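Colleague: First the structure, then my questions, so here it is.
The values are calculated or read from the model by the stated rules, or taken from the named source; none is laboratory data. The model shown is predicted, which means the values in this text are computed figures rather than measured ones. Positions of Cβ are generated from backbone atoms using ideal geometry, with glycine treated the same way; all protein chains shown enter the neighbour counts. Accessible surface is based on the protein model in full, side chains and every heavy atom, while ligands, DNA and RNA are left aside. Shrake-Rupley method; radii C 1.70, N 1.55, O 1.52, S 1.80 Å.
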Amino acid sequence: MSQELIERAKTIMRENDKGGYTVPTRGLYPFQWNWDSCLSALGFAHFDEARAWREIETLFAHQWEDGMVPHIVFHAEDEGYFPGPSVWETGRSTPTSGITQPPVAGFAVRRLYDRASDKALAEAKARALLPKIAAWHDWFFATRDPDKTGLVAIIHPWESGRDNSVDWDAALDRVPTEGVMPFSRRDIDHANPEHRPTQAQYERYIWLVQHFRRLAWDNAKLHDASPFRVVDPGFNAILIRSSSDLAELAQALGEHGLEARARQQAAAGVAALERLWSEELGQYRCFDRAVSRFVESPSVGGILAAFADIPLARRKALAKRIADLGERAQFVVPSHDPATSVYDGKRYWRGPVWLIVNYMIADGMARSGDHATLRRIVDDSLRLIELGGFAEYYDPISGEPCGGDCFTWTAAMVIEFLTHMGGPT
Ligand code: GLC
């Protein structure tokens with residue numbers, strides 16, 4: 001069974017491979033996405049290490065001069081996607097979007113390096129990527145944490161990677177829609193509209209893009225000028241984990257200046273994350289920086305914090321949260337708590353399970369030796385695949401596969417679960 005699943009996963013990855021980059025899925029997402037590529041590289045590493053490195057190299061070939069790594073690289077024209085390059089207008093020779101995504105590259109590159117069988121290749125590739133990833137992290141702390149709080153804000157819901165989460169509702173409601181360009185969405189041509197964001201949300205997403213475009217994508221201005229500024233524990237946990245992994249990698253490569261800076265960034269982040277803890281929810285939650293208010297929303301962003309080296313007591317509390325959620329859902333970890341009225345098991349990031357999120361939480365649990373939680377997450381994830389194939393995401397109660405099909409990072413995570421996370425029971 002496992003071998004058959006691995007073969008199916010490899011086939012999907014190969015089919016979505018465009019040469020130097022993979023598309024998340026054909027049709028719905030026809031370009032290169034930032035965190036998709038970094039996590040997908042882990043899957044490639046199982047059968048083609050050179051190809052795994054290439055995935056991340058291609059992404060970083062499109063890093064901006066200021067250090068930002070964009071959330072989408074539009075390698076080829078495709079009319080089937082909105083908003084395309086003419087909406088972003090970032091002025092790059094290969095067009096890119098103008099916002100970023102969860103910085104998981106530091107983690108992925110360390111993992112590729114540690115596991116590499118071709119050590120010479122790994123050393124050369126990691127050495128070249130190291131300063132680029134460090135520049136991206138420095139960019140985050142400089143432009144998205146101007147007051148030096150230790151935590152960075154996202155300025156568009158799409159930066160979070162959890163695009164349509166309940167966490168953004170109140171902040172997004174403050175984003176105006178006056179003057180938004182007329183547009184026709186393409187996502188609902190490829191996926192069920194009931195699974196996708198609403199039109200009102202989409203108008204605000206596009207308003208923000210137009211607003212940033214008017215500011216010429218100058219990252220020295222965008223943070224303060226954005227009406228949407230939210231500090232997400234999941235996003236920050238990924239940055240913190242990537243910073244500590246980058247420090248380890250820098251140490252192994254004898255880059256001691258980079259090592260010290262990355263360690264300091266990770267330590268400041270871990271300490272600052274504590275401010276997002278909610279005793280009442282038993283997990284972390286977002287902070288709406290634009291209005292200085294916590295977002296009391298029990299979403300998976302606050303559980304994903306387990307990916308960073310948070311205190312053991314916090315990891316244990318998060319494991320308890322997952323066990324509680326597991327009472328209400330057949331399959332953990334739902335992106336929103338089914339006990340809330342806003343939960344929607346099929347709509348984008350408002351309830352469904354994503355395998356990449358499961359993977360990062362499971363990895364955090366493994367680091368603190370919580371094998372029971374790890375087991376539950378791996379078992380549920382693999383059951384979802386057996387029942388519904390390699391979908392974009394799944395309903396946590398019925399297990400129904402939703403969104404796009406034949407998804408690259410889902411396939412990559414299946415390979416990881418089967419080969420490195422204990423496999424099936
Ligand atoms: C959606 C997801 C985002 C992902 C992208 C491509 O926009 O919300 O996290 O990167 O699809 O898979």
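Colleague: Mind checking which residues of the range 405-425 are open to solvent by less than 10 Å² (accessible area, probe 1.4 Å) and within 17 Å of the chain's Cα centre (by Cα)?
Modeller: 407, 408, 410, 411, 412, 413, 414, 416
Colleague: Taking into account only those residues within the range 249-274 that are polar (S, T, N, Q) and under 19 Å from residue 145 (Cα atoms), which is most open to solvent (accessible area, probe 1.4 Å)?
Modeller: Filtering the range 249-274 down to residues polar (S, T, N, Q) leaves 251, 264-265.
Applying the additional criterion that residues be under 19 Å from residue 145 (Cα atoms) yields 264-265.
On the way: 264: 113, 265: 25 Å².
Of everything passing the filter in the range 249-274, 264 is most open to solvent (accessible area, probe 1.4 Å).
Colleague: Mind checking whether some residue in the range 275-288 is in a helix (DSSP H, G or I), at pLDDT 95 or above and open to solvent by 40 Å² or more (accessible area, probe 1.4 Å)?
Modeller: yes
Colleague: Being out of contact with any helix residue (DSSP H, G or I) (no Cβ under 6 Å at 6 or more places or on another chain) and open to solvent by 10 Å² or more (accessible area, probe 1.4 Å) narrows it down to one residue among 188, 206; which is it?
Modeller: On the way: 206 fails: open to solvent by 10 Å² or more (accessible area, probe 1.4 Å).
It is 188.
Colleague: Condition first: surrounded by fewer than 24 Cβ atoms within 10 Å (Cβ to Cβ) and farther than 19 Å from residue 191 by Cα. Now tell me which residues in the range 331-355 satisfy that.
Modeller: Within the range 331-355, 337, 338, 339, 340, 341, 342, 343 qualify.
Colleague: May I pose another question? For residues that are more than 16 Å from the ligand (Cβ to nearest atom) and open to solvent by less than 30 Å² (accessible area, probe 1.4 Å), tally how many sit in the range 46-62.
Modeller: Qualifying residue count, the range 46-62: 4.
Colleague: Considering (1) among the small types (Gly, Ala, Ser); (2) open to solvent by 50 Å² or more (accessible area, probe 1.4 Å); (3) within 24 Å of residue 395 (Cα to Cα), say which one residue 179 fails and leave the rest.
Modeller: (3)
Colleague: Next question. Would you point out which residue out of 326, 364, 369, 389 is farther than 15 Å from residue 196 by Cα and without any contact (Cβ under 8 Å) to a residue 12 or more places away in the chain?
Modeller: Numbers: 326 fails: without any contact (Cβ under 8 Å) to a residue 12 or more places away in the chain; 364 fails: without any contact (Cβ under 8 Å) to a residue 12 or more places away in the chain; 389 fails: without any contact (Cβ under 8 Å) to a residue 12 or more places away in the chain.
369 is the lone residue from the list that is farther than 15 Å from residue 196 by Cα and without any contact (Cβ under 8 Å) to a residue 12 or more places away in the chain.
Colleague: Scan the range 361-404 residue by residue and report those that are in a helix (DSSP H, G or I), open to solvent by 10 Å² or more (accessible area, probe 1.4 Å) and under 17 Å from residue 327 (Cα atoms).
Modeller: Within the range 361-404, 372, 373, 374, 375, 376, 379, 383 meet the criteria.
Colleague: Still on this model: Using beta carbons and a limit of 8 Å, which pairs, at least six apart or on different chains, have the first residue in the range 28-42 and in contact (Cβ under 8 Å) with a residue 24 or more places away in the chain and among the aromatic types (Phe, Trp, Tyr) and the second one more than 8 Å from the ligand (Cβ to nearest atom) and part of a strand (DSSP E or B)?
Modeller: Cβ pairs passing all conditions: 31/72; 31/73; 33/72.
Colleague: Of all residues in the range 289-311, which are assigned to a helix (DSSP H, G or I) and in contact with a Cys (Cβ under 7 Å, 6 or more places away or on another chain)?
Modeller: 301
Colleague: A further question follows. For the range 262-279, which residues satisfy the criterion of being aliphatic (A, V, I, L, M) and within 9 Å of residue 244 (Cβ to Cβ)?
Modeller: Scanning the range 262-279 gives 262, 266, 267, 270.
Colleague: Quick one: residue 231 ticks every box in (1) among the β-branched types (Val, Ile, Thr); (2) within 16 Å of the ligand (Cβ to nearest atom); (3) in contact with a strand residue (DSSP E or B) (Cβ under 8 Å, 6 or more places away or on another chain) except a single one, so which number is it?
Modeller: All conditions are met except number (2).
Colleague: In the range 1-50, what residues are of a type in the set (Asp, Glu) and within 21 Å of residue 190 (Cβ to Cβ)?
Modeller: 15, 17, 36
This table checks each residue for (1) outside any loop (DSSP other than H, G, I, E, B); (2) among the charged types (D, E, K, R); (3) at pLDDT below 95; (4) open to solvent by 10 Å² or more (accessible area, probe 1.4 Å).
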| position | (1), (2), (3), (4) |
| --- | --- |
| 6 | yes, no, no, yes |
| 9 | yes, no, no, no |
| 37 | yes, no, no, no |
| 66 | no, yes, no, yes |
| 69 | no, no, no, no |
| 76 | no, no, no, yes |
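Colleague: If you don't mind, another one. Between 300, 291, 270, which is touching a Ser or Thr at 6+ places or on another chain (Cβ under 6 Å) and β-branched (Val, Ile, Thr)? Reasoning before the result, please.
Modeller: Values: 291 fails: touching a Ser or Thr at 6+ places or on another chain (Cβ under 6 Å); 270 fails: touching a Ser or Thr at 6+ places or on another chain (Cβ under 6 Å).
Unique residue meeting the criteria: 300.
Colleague: Further question on the same structure: Which residues, taken from the range 48-63, are in contact (Cβ under 8 Å) with a residue 40 or more places away in the chain and either in a loop (DSSP other than H, G, I, E, B) or among the charged types (D, E, K, R) (or both)?
Modeller: 49, 57, 63
Colleague: Being buried (at least 23 other Cβ atoms within 10 Å of the Cβ) and either more than 28 Å from residue 188 (Cβ to Cβ) or within 13 Å of the ligand (Cβ to nearest atom) (or both): is that true of residue 106 here?
Modeller: It is true that residue 106 is buried (at least 23 other Cβ atoms within 10 Å of the Cβ) and either more than 28 Å from residue 188 (Cβ to Cβ) or within 13 Å of the ligand (Cβ to nearest atom) (or both).
Colleague: I'm checking my understanding of the structure. Among residues of the range 11-35 that are in a helix (DSSP H, G or I) and more than 12 Å from the ligand (Cβ to nearest atom), which one is least open to solvent (accessible area, probe 1.4 Å)?
Modeller: In this case the residue turns out to be 13.
Colleague: Which condition breaks for residue 358 when tested against (1) in a helix (DSSP H, G or I); (2) more than 16 Å from the ligand (Cβ to nearest atom); (3) closer than 18 Å to residue 336 by Cα; (4) not aromatic (Phe, Trp, Tyr)?
Modeller: Answer for residue 358: the failing condition is (2).
Colleague: I'm trying to understand the selection: among the residues of the range 395-425, which are within 14 Å of the ligand (Cβ to nearest atom) and not acidic (Asp, Glu)?
Modeller: Going through the range 395-425, the residues within 14 Å of the ligand (Cβ to nearest atom) turn out to be 402-413.
402, 403, 404, 406, 407, 408, 409, 410, 411, 412, 413, listed by residue number.
Colleague: Continuing with the same structure: Taking only the range 125-171 into account, find how many residues are open to solvent by 10 Å² or more (accessible area, probe 1.4 Å), within 16 Å of the ligand (Cβ to nearest atom) and part of a loop (DSSP other than H, G, I, E, B).
Modeller: Qualifying residue count, the range 125-171: 1.
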